[in-house]
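Okay, structure first, notes after.
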Amino acid sequence: MILNIANLNKTYVGKQILKGVTFHLEDKEKAAIVGINGSGKTTLIRCILGVEEPDDSETVIAFSKDKKIGYLAQQHADIETGVDDFDTLSGGQKTRKRLEEILQDKPDLLILDEPTNHLDIESIQWLEKVLKRYDGAVLLVSHDRYFLDHVVTKIIDLDNGKARMYKGNYSEYAVKKKQIRDSELKAYLNQQQEIQHQQAVIDKLKQFNREKSIKRAESREKALAKVELLEKPEELDNEMRLALTPSVQSGNDVLSVKDLSKTFDDKTLFSNISFEIKRGEHVAVIGANGTGKTTLLKILNQQVDADTGSFKLGTNVEIGYYDQEHAVLHMDKTIFDEIQDEYPYLNNTKVRNVLAAFLFKGEDVYKRIGDLSGGEQGRVSLAKLMLSNANFLILDEPTNHLDIQGREVLEDAINNYEGTVLYVSHDRYFINKTSSRILELFENRFDNYIGNYDYYLEKKEDVRRYGSAGADNSGNKNAVPVQTVSVQESEQKTDWLQQKELKKNLQRLERTLKSTEDEIQKLEARNQVLDDEYQNPDIAADVGKLMELHKEHEKNDARLEELYEIWETTSEELSEIKD
């Protein structure tokens, strides 16, 4: 074991960020810390490094003796001193250079905070290979799910301050976490339902007001008091809700680009590129940093002029543009005014509801755009995009600064979107989930792939050697096959018969319970009449009549005892079926 963390607590401004965090890291193990923005990932790293102090002395942060640690910070440029070429290096180049310097020291434990930020796909692939070959242990924070799938074998999940360890990569963790959460939620709801059922039975038995019934009620109350209550799983109230709905359907031809070229500072980004996009396509533009991907989107959004060539939008095409630099936002405005000024027909309640869907609640809506983090500005841009009702979305790095949960919400929104999408992204997991076609900017040209990212990897070498995979936009040639799972007729019939039998039993038990309650009510009412007649002076003097009333009362009591048993048993069976 190279690192052991036990009972780590950390509080900021009265809010506990980390709650008894406990986990360990074995020698040569590669693990990732994941969680939504604000869950405490970077805080945990800083506590491990000794930059932050835990709340109490009981916390254990222990490293194996004589082990060297290497650390790559999320914002590392400010700690790289003595390097003359800072100003000439891109963010990705700085990351790569700094990491190479750290690895030269051969640390036993490598701690990386968002190492894929600013890296293009080629550089991320380089990093994956480096970490796979790396002989030491790795602890990293990342939102790049494709990267996590290829590098780590353990996930440390930070959820509402608590840590839980999962064996496997990100995809395996995601499945296991959902299973565990669903299981915990089901167990909690079942227990609450059982508690309500038992309380209803107790109330009913007391209502019968018989000695045996009261004793049974008291016995059930004692058993209920001994039940260890399950904690309710935390609500996912921090989840964004994003729905993108075109107001008008475009024509089939959405975009036609012909012989487009662009040069910056004597560097040719692309030359004489031509392609078409049809309605409903989800097209991802990929390529190394500096190849001109963002420039292409800006040309299409008329923010930059092309040197040569032209493009044409189809009939009824309305563009919704998401800019990674958020140039479409006004930095001096509040979040509320940014939305209301753009969409003046929305009343205050509607604006607040939209912003709440993007996690801006209460006084947060009056924050200045310029004071927001990159992730928060991204959420405001997405909110504007949602309200635009565009039918052609042009998105530049839409997952930047979004946590994993936010990326999954955006994926679902795009996959359910009926319009057309063209986007630039380095997020391979996102591309795999949302693209039906890939355009790669490679050596000043576009290579065309009709498929998702996995398909692109499969065909890349052939395409670079022989030409584009998929010569048209139809999606037929070389398309990724879509598997469909059909339910066999026999399975449908079996399921239908089971449902029919279940419904039949449910109706039978409900009828039994209803008739039992009716008979109990009738006999209890009759016994009340008999009790009243006992007090009648005329009947009190008639021994024969008294004996007759007494026998009827006894007969009713015996039947009531049977009915109470039937009611209790039927009630239990009904509760089990409904569960």
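I'd like the residue in the stretch 425-447 that is buried (at least 20 other Cβ atoms within 10 Å of the Cβ) and in contact with a Ser or Thr (Cβ under 7 Å, 6 or more places away or on another chain) and, out of all such residues, is nearest to R407 (Cα to Cα). Per the criteria, the residue is F430. For the stretch 117-131, a tally of residues being over 19 Å from K68 (Cα atoms) and either in a helix (DSSP H, G or I) or aromatic (F, W, Y) (or both) returns 9. When the residues of the stretch 358-370 are filtered to those that are out of contact with any Phe, Trp or Tyr (no Cβ under 9 Å at 6 or more places or on another chain) and over 16 Å from N37 (Cβ atoms), the one that is surrounded by the most Cβ atoms within 10 Å (Cβ to Cβ) is I369.
Condition check for D265 on (1) surrounded by 15 or more Cβ atoms within 10 Å (Cβ to Cβ); (2) farther than 30 Å from E318 by Cα; (3) assigned by TED's automatic domain parsing to the domain that holds F360: one failure, at (1).
Please report, ordered by residue number, the strands (runs of 3 or more DSSP E) entirely within the stretch 253-342 with at least 3 residues that are more than 28 Å from D454 (Cβ to Cβ). Please lay out each step first, then the result.
Values: elements: 253-264, 267-278, 282-286, 308-313, 319-322.
Filter on the stretch 253-342 gives 253-264, 267-278, 308-313.
Applying a threshold of 6 Å to beta carbon distances and a minimum spacing of six or more residues, or different chains, the list of pairs starting in the stretch 176-192 at a residue that is at pLDDT 90 or above and ending at one that is surrounded by fewer than 14 Cβ atoms within 10 Å (Cβ to Cβ) reads Y188/K232.
Check whether at least one residue in the stretch 522-536 is farther than 30 Å from K204 by Cα, modelled with pLDDT of 80 or more and not assigned by TED's automatic domain parsing to the domain that holds K206, and report yes or no. Checked against the condition, which is being farther than 30 Å from K204 by Cα, modelled with pLDDT of 80 or more and not assigned by TED's automatic domain parsing to the domain that holds K206, the stretch 522-536 yields at least one hit.
With respect to the conditions (1) farther than 14 Å from H282 by Cα; (2) at pLDDT below 85, F446 lacks only one, and its number is (2).
Would it be correct to say that L260 is farther than 30 Å from D403 by Cα, surrounded by 17 or more Cβ atoms within 10 Å (Cβ to Cβ), at pLDDT 90 or above and not assigned by TED's automatic domain parsing to the domain that holds A558?
Numbers: farther than 30 Å from D403 by Cα: yes; surrounded by 17 or more Cβ atoms within 10 Å (Cβ to Cβ): yes; at pLDDT 90 or above: yes; not assigned by TED's automatic domain parsing to the domain that holds A558: yes.
In short, yes.
A single entry from Q198, Q192 fulfils the requirement of being over 30 Å from S388 (Cβ atoms) and surrounded by 14 or more Cβ atoms within 10 Å (Cβ to Cβ): Q198.
Can you find a residue in the stretch 403-417 that is over 23 Å from the mean Cα position of the chain (by Cα) and assigned by TED's automatic domain parsing to the domain that holds G280? Even if it seems obvious, please write down each step before you answer.
Our first condition is that a residue be over 23 Å from the mean Cα position of the chain (by Cα); within the stretch 403-417, this holds for none.
The answer is no, given that none of the residues of the stretch 403-417 is over 23 Å from the mean Cα position of the chain (by Cα) and assigned by TED's automatic domain parsing to the domain that holds G280.
When L355, L385, L395 are screened for being crowded, with 19+ Cβ neighbours inside 10 Å, farther than 30 Å from L313 by Cβ and either of a type outside the set (K, R) or at pLDDT 90 or above (or both), only L355 passes. Residues in the stretch 99-127 that are surrounded by fewer than 18 Cβ atoms within 10 Å (Cβ to Cβ), among the acidic types (D, E) and out of contact with any strand residue (DSSP E or B) (no Cβ under 8 Å at 6 or more places or on another chain): E100, E101, E122.
The values are calculated or read from the model by the stated rules, or taken from the named source; none is laboratory data. Please read all numbers here as calculations on a predicted model, not as lab measurements. Glycine also receives a Cβ, built like all others from the backbone with ideal geometry; neighbour counts cover every protein chain displayed.
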